[in-house]
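This report concerns only the one structure given below.
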Amino acid sequence: MTEGTRLIRGLEGVVAAETKLCDLDGANARLAYCGYGIDDLARRATFEEVCCLLWYGELPGKGQLDQLTVSLVAAREIPAQLVDAFRVMPTDTDPNRVLQAAVAMLGMFDPDANDNSHAANVRKAIRLTSQMATAICAHHRARSGQAPVPPAPDLGHAANFLYMLTGRRPTPVTTKVLDASLTLYAEHELNASTFTTRVITSTDSDMHSAVAGGVGALKGPLHGGAGEAVMRTLMEIGEIANVDAFTTKALADKRRLMGFGHRVYTAGDPRAAILKGMAEEACRQSGQFKWYEMAVKLYERVNAVKKLIPNVDFYSAPLFYSLGIPVDLFTPVIAAGRIAGWTANIVEQYDDNRLIRPRGDYIGSGRRTYVPLAQR
Ligand SMILES: CC(C)(COP(=O)(O)OP(=O)(O)OC[C@H]1O[C@@H](n2cnc3c(N)ncnc32)[C@H](O)[C@@H]1OP(=O)(O)O)[C@@H](O)C(=O)NCCC(=O)NCCS
């Protein structure tokens with residue numbers, strides 16, 4: 001490397017963009033979107049209002065919200081070719097791979113695919129938010145040998161998602177729990193997947209390519225994939241009575257405990273605090289309280305020894321499970337929320353773009369003389 005900068009492993013603490021979208025105060029466990037505290041947004045706003053906030057910078061009045069809702073509902077259909085593609089995909093493949101492929105395919109059909117203007121990007125953000133939800137559900141129905149459930153125009157985004165997934169209209173409580181979860185996942189500054197979308201955007205590529213990359217980054221268990229890993233851990237533990245023995249062994253084995261720890265939050269993840277309350281209610285209502293109790297006990301044991309904080313994915317796991325969401329769909333559901341923030345970041349990046357191109361510090365051998373193959 002020629003410049004005099006030093007290596008910062010994992011880019012920890014590096015500021016790579018200015019943003020009006022997210023204010024993340026890790027030392028004080030505070031998170032706000034466009035200035036609005038996450039607690040208020042999760043409890044009092046709908047996901048559609050949050051989308052409006054992220055894409056236009058302001059909470060909508062009734063007229064603007066109605067307009068956006070009409071646009072989101074109108075964008076719910078996905079191309080028949082995509083549904084056909086779901087039918088020929090291996091039924092046991094990871095739904096994250098399918099979602100990544102689906103986003104790429106949606107780009108092939110999008111009328112604004114190669115238009116990177118601000119207005120086109122907002123139109124694509126609306127379409128992708130609706131179409132990704134439909135695609136996740138249609139693929140799940142296809143792999144289960146069921147016909148897709150057409151979107152219901154009278155249902156809001158969260159309720160329609162559960163309806164398309166299960167074929168049943170969800171209760172108001174269930175709807176609110178998913179809606180708030182989507183809001184809590186909607187935006188989180190320069191996390192790995194959002195950074196990925198910004199890097200792809202910075203090459204003047206396009207929104208669908210950037211989002212497909214974001215899905216790939218989100219899938220990893222150190223990022224969004226942690227949610228399903230938490231549920232698999234709870235299932236491995238099996239019963240509350242096993243938590244102590246599990247924790248002792250896991251800590252002795254220096255096992256990485258999914259749903260714990262965070263790069264930025266040192267004083268706790270504010271989203272986890274909200275999700276904990278919602279998980280308690282949802283697990284109780286669904287008759288699956290055991291998973292919530294087990295998660296609380298696991299947290300108490302781990303925190304007592306390692307002081308690790310639970311992150312957003314810890315309580316969302318029992319919560320999603322209590323909603324009847326299949327474990328391998330947890331990450332796609334997180335993507336269905338994060339799409340609002342990914343697209344808002346992509347719009348912001350295009351509006352003030354410069355190629356993102358860091359350096360690598362070469363630590364290999366010095367300059368060597370090429371030796372022809374026959375002489376090696
Ligand atoms: C989120 C995460 C990747 C942040 O990682 P990071 O900032 O790079 O922190 P590191 O991986 O360098 O970990 C720092 C220390 O804390 C420990 N640690 C962090 N998270 C841990 C976890 N979940 N379980 C066990 N130990 C953990 C590490 O072992 C390391 O200890 P050491 O210094 O003694 O080696 C990490 O906490 C993690 O892997 N969590 C589990 C996955 C998860 O829940 N991801 C979702 C995040 S929202």
Residues of the range 187-199 being touching a helix residue (DSSP H, G or I) at 6+ places or on another chain (Cβ under 7 Å) and more than 14 Å from the ligand (Cβ to nearest atom), in sequence order, are 196, 197, 198
Scanning the range 154-212 for residues that are more than 30 Å from residue 14 (Cβ to Cβ) and among the polar types (S, T, N, Q) gives 160, 166, 171, 174, 175
Picking from 33, 56, the residue that is open to solvent by 20 Å² or more (accessible area, probe 1.4 Å) and either in contact with a Gly (Cβ under 6 Å, 6 or more places away or on another chain) or at negative phi (or both) would be 56
Check: If you check residue 214 against the conditions, is it touching a residue at least 60 places away in the same chain (Cβ under 8 Å), open to solvent by less than 10 Å² (accessible area, probe 1.4 Å), out of contact with any Gly (no Cβ under 6 Å at 6 or more places or on another chain) and in a loop (DSSP other than H, G, I, E, B)?
Finding: no
Would you confirm, using the coordinates I've provided, whether residue 373 is open to solvent by less than 50 Å² (accessible area, probe 1.4 Å) and not hydroxyl-bearing (Ser, Thr, Tyr)? no
The condition from (1) more than 12 Å from the ligand (Cβ to nearest atom); (2) open to solvent by less than 40 Å² (accessible area, probe 1.4 Å); (3) outside any loop (DSSP other than H, G, I, E, B) that residue 229 misses is numbered (1)
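The values are calculated or read from the model by the stated rules, or taken from the named source; none is laboratory data. Note that the structure is predicted; figures quoted are calculated from it, not measured. Cβ coordinates were reconstructed from backbone atoms using ideal geometry, including for glycine residues, and neighbour counts include every protein chain displayed. Note: areas computed on protein heavy atoms with side chains; ligands, DNA, RNA excluded. Shrake-Rupley method; radii C 1.70, N 1.55, O 1.52, S 1.80 Å.
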